[in-house]
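Before any comments, here is the structure.
The values are calculated or read from the model by the stated rules, or taken from the named source; none is laboratory data. Not measured: the values here are computed from a predicted model. Please note: Cβ atoms are built from the backbone with ideal geometry, for glycine as well, and neighbour counts cover all protein chains shown.
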Amino acid sequence: MKLETKRARAARLKRQKMSAIAGMIVAMIVVVALGIVLWRGKVGLEEKNAQYEAQIEELQSQIDEENARSEQLSEYEKYVKTKKFVEEIAKNKFGLIYPDELVFKPNNK
């Protein structure tokens, strides 16, 4: 068994202490680096979330517009099935009239 001198023991303890300090510094650097990476990821996710929220609002407004248009079309469909619509088209597009109806035309001289 080899005995250690006071000087050797002091040097060994100093090396161990320096090694422990270096290990702690490395651990702190790793923790800080991970914190920075996670923070940047969080910021990126918040930006994407804001974009998605804006897109959701835009799509919801489009859905509302299409629902209103669909309602208008269903009202127009009901109107198209009425007798009044048929009479209107017959008179305006085809020039048809009822047999007992009189038509007055202006005199162009």
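The test for being out of contact with any Cys (no Cβ under 8 Å at 6 or more places or on another chain), surrounded by 10 or more Cβ atoms within 10 Å (Cβ to Cβ) and of a type in the set (D, E, K, R) does not hold for Lys83.
If you scan region 1-17, which residues turn out to be loosely packed, with under 10 Cβ neighbours inside 10 Å and in a helix (DSSP H, G or I)?
Residues of region 1-17 that are loosely packed, with under 10 Cβ neighbours inside 10 Å, as a first pass: 1-3, 5-7.
Within region 1-17, Lys6, Arg7 meet the criteria.
One line per residue, one yes/no per condition, for (1) of a type in the set (A, V, I, L, M, F, W, C); (2) modelled with pLDDT of 95 or more; (3) within 26 Å of the chain's Cα centre (by Cα):
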| position | (1), (2), (3) |
| --- | --- |
| Gln72 | no, yes, no |
| Tyr76 | no, no, no |
| Val80 | yes, no, no |
| Glu88 | no, no, no |
| Lys91 | no, no, no |
| Asp100 | no, no, no |
